[in-house]
Amino acid sequence: MSKVIKIDINSKQGLLDFLEHLLSNNEISGVMSLRKINENGICDYGLITEVDDLKSIEPFAPVMPVNASHILSSITPAKKPIIAIIKPCELRGFVERVKRKQGSMKNIITVSYTCGGVLPLNTFQSDDNEKIVSEYFETIKGTDTPENVRPVCKACEHFIPMTADITISVFGNKDFNSKSCLMMNTEQAIKLSKSYKCEIVEKKMDDKLMDEILKKRKAGKEKLYKEIAITKDGLDEFVDIFGKCIGCHGCSRVCPICYCTLCDFESSNYDYKVDLIENELSQKDGLRLPPDTIFFQLGRLNHMSFSCIGCGQCEDVCPAGIPVSSIFKKVGESTAELFDYIPGKDVEEIIPVMMIKEQEFPEVGE
Amino acid sequence: MANNGAKISFKNGLQNQMRDFLKECMKKGIFDAVVLPVRVPANDSYAWILMNDISIVDQANPIPPVMPVQGAKALKSLTRKGDGILKIATIMKPCEIRATIELAKLSQVNLENITLISYDCPGAIPMSIYNNLSDDMEIFYNDVVSENNFVSEKMKEVCGFCVDFSDVPDDLHFGFTGLENEVYIIPNTGKGNSVLEKLEMKSSENLSQWKKNVADIKKIKSKNRIDIYKQVQPTVDGLDNLQKTYEKCIGCHNCQSACPICYCRQCFFDSTASEQSANTLIDIAEKRGGIGFPRDKIMFQVGRMSHMSLSCVSCGQCMDACPVNIPVAKIFSFVSSKTQNTFEYRAGFSGDEPIPLKVYKDDELSKIHEIVKNAESDGSEHE
């Protein structure tokens, strides 16, 4: 059971009212949220400190221009309390970043919501934005995930925020347009809401409803994984999938987990002397230029896969249309499973690579 | 450009002829290896392959319908650390050759042992279109090449207004604009001449008809170019318009990493030098009432422009790689035409001409003094 703030206006207005109260009473110093930046509905993430500017926020817009964990990293540690309204996978991404000392939870109050998925950037940023978005919200009043969201969203089982201070019910909430329910999950959130005059009730999330959504998402996952099933052994399958990779490394730059300022694969370690290439050519008859296309993908998987939160940014920015995210999510889940690890679940949990157990993978030893 | 070339008639298509030419060169030891585009195993794209086995040359497609990786980048990965011992030839699109020449000036490519071969380019199909329909696009592009169609509307937008589709300082050039089942092999440099000599090919054919054919196509493209630049100009005029044009930008920097000229291992705008502390960002937000992310969208675009526009070859890779469909290449092409004109420089047209930023003249851009002066007096009026 959690304490729930109930307001009799639609969910966006209710949240806005709460935020306006907190900001004007200096309970918080700013709000980080998606906000509308033009008449075509295009959104970016903003850090808003002025009460009047809060009206531009679109906290539930089904789009992810940047994975918000990147932005949270850049504005933390915050010296004064900030409310961040982000999607469940962005929150998990931030938790993974904090574990890697790339951000701090200090003074960050997280608001998240049950997420129906995000639309690919090109779908959201189209001339039909208004129609597409209203259809989206109509669909997620029920338990079906809209067909046009990112492929990984259709397969996402973690649509309920794991560590949010405040949770809002969006996906599956038929009263989304008439009522506001802010679920206060932590002491920090309850303390913050004390000065806010409102009706507070004890309430629990509708487990039956959530289970129904989860069941459908699990089926979605099965379908997605079947689509990207490995049918050939070894490298051949990788060559088939990643053969069209142009090596732009956009996937790694937008990834919330890939935080390195300079990726190893862009470092001079991979500038080969021409005699080395010529020597390899003499043994192989043909060499791809630039080299290391598959090596980069495998290396990145190796570095970040067990922390992959399946947000889908990599796939959205891939100019070659490779289903990067679907593959990384699948591989990531298998690697994380080996360590009983769920990325973004608990900020206190240690990342598997940071921990050594004497008895680990004995079968590999054999 | 040379005035004479060797003429070859062919029956089985131009690309076959080009492959045969390379194979002959390899057999005679003129080249030890070649770098050519080969369709990837899944058939949905092309990759640059360095090959020394003559039998693999048959798998290559010297005039591919797409440009997944700009050829200059392939040569950079091969020769960034210096020249090797193998004599290597490559066939690339004219803008790839021009980018290569710019990279050579920037010491990122070593052309000592490389022979650059190019051709009259029909353009490239946008990657997103090719990727999904590769087999159809292969057939379509084959027709484009065999029909000598240099004005197909299916190509990348920059190709539609590329006036330099034939003009390129390559060592050897395959010229076929307006010809039927014939091609001129044109030596533009000493390197090119010596290849033809070793093949005992006489470059004695007069090229005036071909040049006229090229000029005719150029006229059409020039007109397109004027039209496109007219469209682009108001979208980048002043900071407000620039901001509007780039408001969709998500700061992924794909444009920069796909760009053949942006060779920095780490872009300044990705470095810690351009990072601001959390406190600074919050302070700015408090001062302004709010800030948007990613930060420095315009700063990055303008910064990149000022770094590379003098060497921009308008290849369109940036636009192909943009996940939010900003017409980056049209903008950069327009701005570059302005900056390059200012210094009477054309990117990639001559290996000998130094990049303007490397040349200092005592008397240069005197107009700027006036602009600054005027701005200063404007400023004092406001006070």
(Q) Past 22 Å, Cα to Cα: identify those pairs from A:Lys141/A:Lys179; A:Lys12/B:Lys248; B:Lys81/B:Lys105, in the order given. (A) A:Lys12/B:Lys248
Q) Once both axes come from the Cα atoms, what is the angle between helix B:328-342 and the longest principal axis of chain B, in degrees from 0 to 90, rounded to 10? A) 90 degrees
Q. In percent, what relative contact order does chain A have, based on Cα pairs under 8 Å that are 6 or more apart in sequence?
A. 20 percent
Q | Those Cys residues of chain B for which no other cysteine Cβ falls under 4.7 Å | A | B:Cys25, B:Cys121, B:Cys159, B:Cys162, B:Cys249, B:Cys252, B:Cys264, B:Cys267, B:Cys312, B:Cys322
Q: With all protein chains present, calculate the accessible area of B:Asp362 using a 1.4 Å probe and round the result to the nearest 10 Å².
A: 140 Å²
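Which whole number gives the average count of other chain Cβ atoms within 10 Å of the Cβ atoms across peptide A:279-285?
4
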Q | C-alpha long axis of helix B:14-27 to longest principal axis of chain B, angle in ° | A | 70 degrees
Q: May I ask for the distance between the Cα centers of the range B:309-383 and the range A:214-289, given as a whole number of Å?
A: 36 Å
Q.
Just to confirm the number: angle between the C-alpha axis of helix B:208-236 and the first principal axis of chain B, 0 to 90 degrees, nearest 10?
A. 20 degrees
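Cβ under 11 Å from A:Tyr272's Cβ, A:Tyr272 left aside: what net charge do those residues give with Lys, Arg +1 and Asp, Glu -1?
Around A:Tyr272, the charge tally is -2.
How do the peptides B:330-342, B:60-72, A:319-331 rank, highest first, by the average count of neighbouring beta carbon atoms within 10 Å per residue?
Those peptides, ordered most packed to least, come out B:60-72, A:319-331, B:330-342.
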Q: At a Cα cut-off below 16 Å, give the aspartates and glutamates reachable from A:Lys226, other chains included and same-chain residues fewer than 8 away excluded.
A: A:Glu237, A:Glu333
**Q.** Calculated [θ] (222 nm, deg cm²/dmol) that DSSP helices of n ≥ 4 give over chain B, each run adding -39,500 (n - 2.57)
**A.** -13500 deg cm²/dmol
Q) Over chain B, what relative contact order in percent results from Cα pairs under 8 Å that are six or more residues apart? A) 18 percent
Q: Pop out a list of residues from the range B:65-80 that are at least 10 Å² less accessible with all the protein chains around than in their chain alone; 1.4 Å probe, no ligands or nucleic acids counted.
A: B:Pro68, B:Val69, B:Lys73, B:Ala74, B:Ser77, B:Leu78, B:Arg80
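Could you state how much accessible area is buried at the B-A interface, both sides summed, with a 1.4 Å probe, in Å² to the nearest 100?
5100 Å²
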**Q.** Heavy-atom accessible surface of the protein assembly as shown: percent carbon and sulfur, 1.4 Å
**A.** 50 percent
Q: Determine the percent antiparallel among the DSSP beta bridges restricted to chain A, to the nearest 5.
A: 65 percent
Q.
Tell me the mean residue ellipticity at 222 nm calculated for chain A from its helices only (DSSP H runs of n ≥ 4, each -39500 (n - 2.57), averaged over every residue, nearest 500).
A. -11000 deg cm²/dmol
(Q) Using alpha carbons only, how many angstrom separate the centre of the range B:91-154 from the centre of the range A:1-77? (A) 47 Å
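Per residue of B:46-59, how many C-beta atoms from partner chains lie within 10 Å of its own C-beta, taken as a mean?
Details: counts 2, 10, 4, 5, 11, 5, 7, 4, 1, 1, 2, 1, 0, 1.
Mean number of neighbouring Cβ atoms from other chains: 4.
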Q | B:His173, A:His70, B:His369, A:His249, ranked by accessible area, largest first (probe 1.4 Å) | A | B:His369, A:His70, A:His249, B:His173
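May I ask for the net charge around A:Gly250, where only other residues with Cβ less than 14 Å from the Cβ of A:Gly250 are counted and Lys, Arg are +1 while Asp, Glu are -1?
Around A:Gly250, the surrounding residues sum to -2.
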(Q) I'd like to compare B:136-142, A:228-234, A:299-305: which one has the highest average count of other Cβ atoms within 10 Å, and what's the full order after that? (A) A:299-305, B:136-142, A:228-234
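Averaged per residue, what accessible surface does chain B expose to a 1.4 Å probe, in Å²? Intermediate results must be reported in sequence, preceding the final value.
On the way: 17130 Å² over 383 residues.
Per residue, chain B has an accessible area of 45 Å².
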**Q.** Across chain A: Cys residues that no other cysteine approaches within a C-beta distance under 4.7 Å
**A.** A:Cys43, A:Cys115, A:Cys153, A:Cys156, A:Cys181, A:Cys198, A:Cys245, A:Cys248, A:Cys260, A:Cys263, A:Cys308, A:Cys318
Q | Dipole magnitude of the protein assembly as shown, debye to nearest 20 (Cβ charges: Lys/Arg +1, Asp/Glu -1, about Cα centre) | A | 400 debye
Q) In whole angstrom, how far apart do the alpha carbon centroids of the range B:217-245 and the range A:293-366 sit? A) 45 Å
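Roughly how many debye, to the nearest 20, is the charge dipole of chain B about its Cα centre, given +1 on each Lys and Arg Cβ, -1 on each Asp and Glu Cβ, and no other charges? Mind showing how you got there, number by number?
Details: 43 positive and 49 negative charges, 85 e Å.
Computed about the Cα centre, the dipole is about 400 debye.
Just want to confirm a number: the relative contact order over the range B:68-142, from Cα pairs under 8 angstrom separated by 6+ residues, in percent. Could the numbers behind the result be given before it?
Details: 75 pairs, mean separation 26.1, N = 75.
About 35 percent, as a whole number.
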Q) Where a ≥ b ≥ c are the square roots of the eigenvalues of the C-alpha gyration tensor, would you call the range B:164-298 rounded, which needs a/c under 1.5, or, failing that, prolate if a/b is larger than b/c, or oblate? A) oblate
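Which whole number gives the average, over all residues in B:27-33, of C-beta atoms from other chains lying within 10 Å of the residue C-beta? Spell out each step's value before the answer.
On the way: counts 0, 0, 0, 0, 0, 2, 7.
The mean count of partner-chain Cβ atoms within 10 Å per residue comes to 1.
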Q. For B:Asp20, what charge total do you get from the other residues with a beta carbon under 13 Å from its beta carbon, if Lys and Arg give +1 and Asp and Glu give -1?
A. +3
Q.
I'd like the antiparallel share, as a percent to the nearest 5, of DSSP beta bridges with both residues in the protein assembly as shown.
A. 70 percent
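The values are calculated or read from the model by the stated rules, or taken from the named source; none is laboratory data. Remember, it's a predicted structure, so these values are computed and weren't measured experimentally. For neighbour counting, all protein chains shown are included, and Cβ atoms are generated from backbone atoms with ideal geometry for every residue, glycine included. Areas reflect the complete protein model, heavy atoms only, side chains present, ligands, DNA and RNA absent. Shrake-Rupley method; radii C 1.70, N 1.55, O 1.52, S 1.80 Å.
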